[in-house]
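Working notes for the structure below.
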Amino acid sequence: MQIELIETFLDLCETQSFNRTADRLGVTQSTVSGRIGSLEKTVGRRLFRRSRSGTALTTEGLRFEPHARSLRHAWVTALHAVRDTGMAGVTMRIGVQHDLIGLEIDTLIGNFRSALPDTVIYVEADYSTQMCADLASGAQDVAVLYSPQTHPDIHFEPLGDVTYVMVSTDVDTLADVTADNYILANYSPAFSHTHAALLPGLTRVSLSIGQNAAMEGFLKSLSGAAYVLRHSAAELVEAGTCNYVKDAPAITQPVFAGVNLRNRHRAPYRKFLRILQGHYAPAQSDRRRHSTRR
């Protein structure tokens, strides 16, 4: 099976540009053209229409696209099945947004293992864009993420939310926070949009950080004010590193679960989703807020 032909076809469906696909796959444009030509010869139909305005799928290409996605997913699933034969059971690959790894992840994994004791669980921290790509390809089974990306092969479910609050090493009122002593958090597009709406005067600063753990590190080593997860804020305040900026608005960040559409109704995946819903449900989030109340 020449899976690179399928991968090239699906990438070209997305970019609609032979040049961009060549750059993304790290090959020459002639290689991309050759692969598409080979695929079109195999299926006996033209899949793309090329013109000066760009590249577009033909009617036959549109019909072939969902089958190509199925072929890619089946190929990745088959590879995992072969490579996992030395393990105790089926492997579930779970991606978790970087900021959520420290949020009672041990409890979450314990619940997974209790529900599916014969399943080998592989967890890694990542960002939403990469997790969505891995879900679509079949390289990942479940993802817990901030920023769902619309894709025909991925099903998303809302889980709940987490809360970020502002702390400072120097001040305790929002009026004393300026662009000069502020570190801008860039945790997700949704967070940034809410932040810009609530605090438009604190969007143009000299330092911006996109990960909660890194922000904690900067606050411990440098002076300044910033948003961190509520439980991180409680730890920083308890350690005497920071103060709460009392009148700064809290910012909530929605959390979503993603699975490949083909796995949405399979029993193991439904169990994982139910556990995730319980872990990030509003009532559970409220308990966390209460335990870390200022």
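Overview of values
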read-out	value
Search result, residues across region 174-193 that are open to solvent by 50 Å² or more (accessible area, probe 1.4 Å) and within 17 Å of Arg230 (Cα to Cα)	Asn186
Breaking point among (1) closer than 17 Å to Arg262 by Cα; (2) touching a His at 6+ places or on another chain (Cβ under 9 Å); (3) of a type in the set (A, V, I, L, M), for Leu103	(1)
Selection within region 251-272 - assigned to a helix (DSSP H, G or I) and polar (S, T, N, Q)	Asn263
All positions within region 238-274 that are in contact with a Phe, Trp or Tyr (Cβ under 6 Å, 6 or more places away or on another chain) and over 22 Å from Ser188 (Cα atoms)	Asn263
Helices (runs of 4 or more DSSP H) within region 1-66 that include 1 or more residues in contact (Cβ under 8 Å) with a residue 60 or more places away in the chain and in contact with a Leu (Cβ under 6 Å, 6 or more places away or on another chain)	3-15
Sole residue being at pLDDT below 95 and part of a helix (DSSP H, G or I), chosen from Asp180, Asp172	Asp180
Subset of region 217-242 [closer than 14 Å to Asp172 by Cβ, outside any helix (DSSP H, G or I) and either among the β-branched types (Val, Ile, Thr) or open to solvent by 70 Å² or more (accessible area, probe 1.4 Å) (or both)]	Ser223, Thr241
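Table: residues versus (1) of a type in the set (Val, Ile, Thr); (2) surrounded by 18 or more Cβ atoms within 10 Å (Cβ to Cβ); (3) within 26 Å of His265 (Cβ to Cβ).
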site	(1), (2), (3)
Arg93	no, yes, yes
Ala115	no, no, yes
Cys132	no, yes, yes
Val144	yes, yes, yes
Ile154	yes, yes, yes
Glu157	no, no, yes
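The values are calculated or read from the model by the stated rules, or taken from the named source; none is laboratory data. Just so it is clear, the structure is predicted and the values come from calculations on it, not from any experiment. With ideal geometry, Cβ positions are generated from the backbone for all residues, glycine too; neighbour counts draw on all protein chains shown. With ligands, DNA and RNA removed, areas are computed over all heavy atoms of the protein, side chains included. Shrake-Rupley method; radii C 1.70, N 1.55, O 1.52, S 1.80 Å.
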